[in-house]
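Let me begin by presenting the structure, written as structure tokens, before commenting on it.
The values are calculated or read from the model by the stated rules, or taken from the named source; none is laboratory data. What you are looking at is a predicted structure, and each value in this text was computed from that prediction instead of being measured. Positions of Cβ are backbone-derived with ideal geometry, glycine not excepted, and every protein chain shown enters the neighbour counts. Ligands, DNA and RNA are stripped out before the accessible areas are found, and what is left, the full protein with its side chains, is counted by its heavy atoms. Shrake-Rupley method; radii C 1.70, N 1.55, O 1.52, S 1.80 Å.
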Amino acid sequence: MTSSRLIKNETAQYLVSRLITTLLIIFGAMLLLFALTAFVPGDPARVLLGPQASPELSERFIREMGLDQPIHIRLYRFFSAMLVGNLGVDVVSGRPVAGLIREVLPYTLILTFAALSVSVAFGVPLGIYAATHRGSWMDNALAFVSVAFIAMPSFVVAIFLLLVFAIWLDWLPVLGASRTGDFWDEFKRMILPTVAIAVGWTGYFARLMRSSMLEVMAEPHVRTMRAYGLSEALVTYKYALKNACIPAVALLGFGIGRVLGNAVFIEVVFARPGIGRLIYEAISSRNYPIVQGAVLVLVLLVVVVNLLVDLSYSAIDPRIRREPAAVSGVKT
């Protein structure tokens, strides 16, 4: 009974710690974003309205954006609106920012999910194969290919794929997303952006799974299972693989944020609609409400996914909940 209560207390403390950390991350990220948009050089009225705009029109524009207010008033209004879910209004079209984000967010989420799925589907098996064939020529070849994939920036891969498969060979559509609802057309348009992002992450997952599998397979309990006569396949895939997957799950959570960041470049290169392209265009035109609202949504997505990932691999290995670094102030 005491042991069960202790485990529940550890779990509750772990959850509270992670939630507090999540809230602090969101607050810090939005405070930094506000500082960047508040002190960035350049006149947003001149950028949006053009150099021929009259002083009266520019003054009205500045007043409507609230840029004529003191910095502390703007900060208070910024966080007050954020707490009630008000993302503001697009200063160009007059449409709610939330509606603009809702239109393009599915494109980015589908691209992110597709890229990570391809990375896991190829990287994890390659890493396991390399670990179970350590020292072979295939292991060395996979090591070389994985490092090469990791070293290639996604936007460079995107440009190369665009030139080869869309322009030279003319196998796939060049730019944009399907506007007709045709599944096959959208699938073909998704191939190149997905591969451009997935190449590097396939290398990451392959290298991480190889090193993690080798580490787990060298642990005493795995050697004991071999000593009892269990088959190598049973030891590898039933017992070792579960613990070896914990770092890969952690990388998956970290990868969400990085892939969303890569989506900015990929959506621009392939002229795809998405939240990354929306942010890029808003920054170019100093459209601060869109920048703030879109970045807030991205921050929420990243921290929520990382929280879920933390909870998932703490469920896989309960020892994580008892780590002093994981739960502030909890001693073992």
* Asked: What number of residues within the range 127-158 satisfy the criterion of being farther than 14 Å from Gly200 by Cβ and either surrounded by 15 or more Cβ atoms within 10 Å (Cβ to Cβ) or touching a Ser or Thr at 6+ places or on another chain (Cβ under 6 Å) (or both)?
  -> 9
* To do: Enumerate the pairs (first residue in the range 290-307 and within 13 Å of Gly253 (Cα to Cα) and touching a residue at least 24 places away in the same chain (Cβ under 8 Å); second residue anywhere and in a helix (DSSP H, G or I) and basic (Lys, Arg)) with beta-carbon separation below 6 Å, excluding pairs fewer than 6 apart on the same chain, so at least 6 apart or on different chains.
  => Leu307/Arg18
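To keep it simple, each residue is scored yes or no on (1) open to solvent by less than 50 Å² (accessible area, probe 1.4 Å); (2) at pLDDT 85 or above; (3) farther than 25 Å from Leu260 by Cα; (4) touching a helix residue (DSSP H, G or I) at 6+ places or on another chain (Cβ under 7 Å).
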site	(1), (2), (3), (4)
Val104	yes, yes, no, yes
Thr108	yes, yes, no, yes
Phe122	no, yes, no, yes
Phe165	no, no, no, yes
